[in-house]
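Down below is the structure, laid out as structure tokens.
The values are calculated or read from the model by the stated rules, or taken from the named source; none is laboratory data. All figures in this text were calculated on a predicted structure; none of them were measured in a lab. Every residue, glycine as well, gets a Cβ built from its backbone with ideal geometry; the counts of neighbours run over all protein chains shown. We work out accessible area using only protein heavy atoms, side chains counted, and drop any ligands, DNA or RNA first. Shrake-Rupley method; radii C 1.70, N 1.55, O 1.52, S 1.80 Å.
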Amino acid sequence: MGVAIAPRIILREPIVIQNVEPELNCGRYPVKRELGDWLVVRADIFREGHDLLNAAVLYRSPQSDEWSETSLRLGVNDRWEGSFPLDRIGHWHYTVESWTDRFGSWAADTRKKYEAGQNVELEVREGLLLIEATLERVRTSADRDLLTRTLHEGSVEVLLGSQIATTIRRYPDRSRAARYEKELAVTVDRERARFAAWYELFPRSQSTRSGTHGTFADVERRVPEIADLGFDVLYLPPIHPIGRTHRKGRNNTAGAGEGEVGSPWAIGAEEGGHMAVHPQLGTLDDFRRLVRTVRASGMELALDYALQCSPDHPWIAEHPEWFSFRPDGSIRYAENPPKKYQDIVNFNFESPNARALWDALRDVLFFWVDQGVKIFRVDNPHTKPVPFWEWVIAEIQERDPGVIFLAEAFTRPKMMCELAKAGFTQSYTYFTWRNTKDELTAYALELAHETNEFLRPNFFANTPDILHRFLQDGGRPAFLIRLVLAATLSSLYGIYSGYELLEASALRDSEEYSNSEKYEIRARDWHAPGNIAADIRRVNALRRANPALHEFENVRFFPSNDDSVIFYGKVDFRQRNLVFVAANLDPKAPRAPALEFPTGEFNIDPGALKDVLYGSQLRWSYGRAYTVLDPEHNPAAIFVVNR
């Protein structure tokens, strides 16, 4: 014989709440939004029988122990939806609650009987009992007086009136309400987490004299020019003392010659470590002044956070347990076989004293936040434990929720996603290696619809490590094409200095820059003939002026009859701003595509479509727009419509 199973006693309403959105990894991680957004919450909610339900989304703002709530509305097929405003940065919580609408269910059934001419005397008595129960929960004298008068009148017409229904709806019986079994979370960041243009430079290369080591003061002199180009973030690679042991020479050669400056990522020397500045750059007071100058220009300073050391870092002598040593007693330097980085040693995150190491690395971030830095670009985070990042980012943002972290993780997609879920605000992407129409379309749609709840993609067009062959071979048109794509496909993008000068000389058969600035000082003439500074300024101005370009998930692709021409658009419905972009992906030849604008869908007057980038002309025929995109003159076009 089988064993009898006792029925589960229902202490709450037998209401099913499932398929709550947004919910990331069964609630393990928070989703991401920005200040000023509304979080839209959806859920499937139902129960047996025909009783009506009500539901609400409960939400709790940062540092608050009290729940607020807003009603959910019933849509199609038991799908409910509601939203609440995110008016503070930080970590919010939310969940869903539902309860049976007993008076609404009674009113719906009674109205049907009454309108069918049936006797509803007992139903009226039931309705009055529900009103009596409601009176115990009423909080205002006006509502109490209304319900008391209704009890005395007792007519079915009054009981079924809209005024009574509205009043009772304010005081539902939620003593047995069903609540979703999980509290979900949303991390709310400031707007710069979603929309920003980054500019990267090496401070030591900002001197006006060839071969002279630049300083923070030299960077200050360039700040107005960079701000005038329309950038929001000025990013500096590591500014710390550089080790001398196994220092790398020009073009990453082993063994630096006399006077060679080495890689800034070989952090630490007798002058100090991660909380010191390179003496040739200036003092800590000079750095603080630079931070203030950058902020006064309307930009923010971002600093590199690289968890690695040179063999000369003070911590190696002070805390050898934080590092790994080989059987012969030598310290283990970094490798990515066959590449060797003899000038760099990594931390041992499996050290028996790992807790002290974690605390020290957190304190480095606290130190620079105290100097005014609120944005960090994190070097190779995928080579460190994800639990460390989840912990340290939470620690920093607990003290200052406005701090932003950009993950430089060119690695496996699942690891990139895991880092974003663990707390990174933004992420580098594979944009650099997506160059064809199909590649760009598929990748943008993947980011916009599959990872958009947690990963904010930053489309850097180049980096000190990456000079793609498209730029090496495509000349000026290639730089303009990739600029427009990076700046308009994503709401976050960046360039590494030298981009505006069309620097495209690669080291041998690689994506490495020849005479890379990572290993030597590079003096430049920032106004050299042929530069594209004016184009960068124009593109950044268009980004700022058009709210549709401040978002990423709103990208849509439209038909173009040429495989070398990509055509897409973005719409901001709140500000009634529409932007369409057509780009010639062939830097060698003009293209004459037919573009299918969604004029009917958005009720657009074809005459209102003007190219605000280079003035490309449209010729209309049978609902299609024809134009010529010449890589030498107008490799791309941007059309703006404001309604």
Which one of these is part of a loop (DSSP other than H, G, I, E, B), under 26 Å from the mean Cα position of the chain (by Cα) and either at positive phi or acidic (D, E) (or both): G329, G282, G298?
-> G298
Looking only at the stretch 311-358, which residues are in contact with a Lys or Arg (Cβ under 9 Å, 6 or more places away or on another chain), of a type in the set (D, E, K, R) and open to solvent by 30 Å² or more (accessible area, probe 1.4 Å)?
-> D312, R326, R332
Where residues in the stretch 123-165 are without any contact (Cβ under 8 Å) to a residue 40 or more places away in the chain and assigned to a loop (DSSP other than H, G, I, E, B), which of them is nearest to A107 (Cα to Cα)?
-> G161
Scanning the stretch 573-611 for residues that are surrounded by fewer than 17 Cβ atoms within 10 Å (Cβ to Cβ) and either closer than 26 Å to R434 by Cα or acidic (D, E) (or both) gives K588, A589, P590, A592, E596, P598, E601, D605
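Here is a yes/no grid of residues against (1) closer than 30 Å to G211 by Cβ; (2) in contact with a helix residue (DSSP H, G or I) (Cβ under 6 Å, 6 or more places away or on another chain); (3) of a type outside the set (F, W, Y); (4) touching a residue at least 60 places away in the same chain (Cβ under 8 Å):
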{"site": "A504", "(1), (2), (3), (4)": "yes, yes, yes, no"}
{"site": "R508", "(1), (2), (3), (4)": "yes, no, yes, no"}
{"site": "E520", "(1), (2), (3), (4)": "yes, yes, yes, yes"}
{"site": "W526", "(1), (2), (3), (4)": "yes, no, no, yes"}
{"site": "R538", "(1), (2), (3), (4)": "no, no, yes, yes"}
{"site": "P547", "(1), (2), (3), (4)": "no, no, yes, no"}
{"site": "R556", "(1), (2), (3), (4)": "no, no, yes, no"}
{"site": "V581", "(1), (2), (3), (4)": "no, yes, yes, yes"}
Matching option when the condition is under 30 Å from G498 (Cβ atoms) and open to solvent by 30 Å² or more (accessible area, probe 1.4 Å), among Y519, Y614 = Y614
Among the residues of the stretch 6-30, how many are at pLDDT 95 or above and either surrounded by 19 or more Cβ atoms within 10 Å (Cβ to Cβ) or in contact with a Lys or Arg (Cβ under 9 Å, 6 or more places away or on another chain) (or both)?
-> 15
Selection within the stretch 172-193 - touching a helix residue (DSSP H, G or I) at 6+ places or on another chain (Cβ under 7 Å) and open to solvent by 10 Å² or more (accessible area, probe 1.4 Å) = D173, K182
Any chance R538 is over 30 Å from V20 (Cβ atoms), open to solvent by 40 Å² or more (accessible area, probe 1.4 Å) and assigned to a helix (DSSP H, G or I) = yes
For the stretch 339-382, how many residues meet the condition of being modelled with pLDDT of 95 or more, over 17 Å from C309 (Cβ atoms) and not acidic (D, E)?
-> 11
Selection status of V392, under 19 Å from I267 (Cα atoms) and touching a residue at least 12 places away in the same chain (Cβ under 8 Å) | no
Are any of the residues in the stretch 111-121 under 49 Å from the mean Cα position of the chain (by Cα) and among the aromatic types (F, W, Y)?
-> no
Among the residues of the stretch 243-262, the number that are open to solvent by less than 10 Å² (accessible area, probe 1.4 Å) and in contact with a strand residue (DSSP E or B) (Cβ under 6 Å, 6 or more places away or on another chain) is 3
Across the stretch 72-96, what is the number of residues that are under 28 Å from the mean Cα position of the chain (by Cα) and open to solvent by 80 Å² or more (accessible area, probe 1.4 Å)?
-> 3
Note down all Cβ pairs under 6 Å where the first residue falls in the stretch 45-71 and is in contact (Cβ under 8 Å) with a residue 40 or more places away in the chain, the second is of a type in the set (K, R) and open to solvent by 30 Å² or more (accessible area, probe 1.4 Å), and they're at least six residues apart or on different chains.
-> P62/R88
Residue ID - most open to solvent (accessible area, probe 1.4 Å), chosen from residues in the stretch 379-431 that are of a type in the set (S, T, Y) and closer than 18 Å to T463 by Cα | Y430
Scan the stretch 226-249 and report the pairs whose first residue is farther than 16 Å from G498 by Cα and among the hydroxyl-bearing types (S, T, Y) and whose second residue is open to solvent by 10 Å² or more (accessible area, probe 1.4 Å) and part of a loop (DSSP other than H, G, I, E, B), with Cβ atoms within less than 6 Å and a gap of 6+ or a chain change.
-> T245/P311; T245/D312
Filtering the stretch 573-616 down to residues that are touching a Gly at 6+ places or on another chain (Cβ under 9 Å) and in a strand (DSSP E or B) yields L578, V579, F580, V581
